[in-house]
Amino acid sequence: MHKHNEAFRVKVSAEFSFFAVFGFLLCVDKEGTALLCLLACILHELGHLAVMFAERKPPCSVKLYGGGIHISGGSTSFPCVFAGVAVNTALFLLFGLIPWEQRELRLFGVVNLLTAAVNLLPVGSLDGKLMLEMALVRGFSPERAAFLSELCERIMLIILIPAAAVLFFSGFMNISAIIFLIYIFAVEFLEKI
């Protein structure tokens, strides 16, 4: 019995960078979305964790760091990878039914929709890239699938960079979104060197 409990121990850690970035976002957040974004991200990761534990393939560790929340090890099945997006989508649908007078609840629904959409991007270490790779491996050789995944990622980044610049300078994107995009591009750059 003791060995069974050992198998389900997950090391949880939080780096200083997580608190530094979150503190900075709270200071510059004029729209009041920083806490809602954090909650949406936590619920997203809990979706992954719930399926991992249901499949009896728990992760080794969960780390909170400046770039977000990273789960190491555990199941990488399609239901597990998709679970985070499914949680955010369900929360969007749930809070989409709240009357417009409840601005904070509506805003939480929109934040969950955006969290789901961002995580579906086929770039970096986001869920969308892993799901795309899973789909491509079913239809192509591993080499061809890797090439197509890389091509999709590069095309997406070419689209995202000018789109982010236009949205930021036209006032439709806040500092939190810019920091997230910079993080994605930095991760991509560091993976290539």
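Structure notes:
- Taking segment 1-119 as the region of interest, the strands (runs of 3 or more DSSP E) fully inside it that hold 1 or more residues being closer than 25 Å to Leu160 by Cα, outside the structural domain of Ala135 (by TED's automatic domain parsing) and out of contact with any strand residue (DSSP E or B) (no Cβ under 7 Å at 6 or more places or on another chain) are 61-65, 68-72.
- Scanning segment 165-174 turns up at least one residue that is farther than 17 Å from His70 by Cα, modelled with pLDDT under 65, touching an Asp or Glu at 6+ places or on another chain (Cβ under 9 Å) and not assigned by TED's automatic domain parsing to the domain that holds Pro99.
- Check on Leu49, under 18 Å from the mean Cα position of the chain (by Cα), closer than 15 Å to Val12 by Cα and crowded, with 19+ Cβ neighbours inside 10 Å: yes
- Flag if Leu126 is within 20 Å of Ser77 (Cβ to Cβ) and at pLDDT below 90: yes
- Within segment 135-146, considering residues that are within 22 Å of Ile159 (Cβ to Cβ) and surrounded by fewer than 18 Cβ atoms within 10 Å (Cβ to Cβ), the one farthest from the chain's Cα centre (by Cα): Ala146
The values are calculated or read from the model by the stated rules, or taken from the named source; none is laboratory data. All values reported here derive from a predicted model rather than from experimental measurement. A quick note on method: Cβ atoms are made from the backbone with ideal geometry, for glycine too, and the neighbour counts reach across all protein chains shown.
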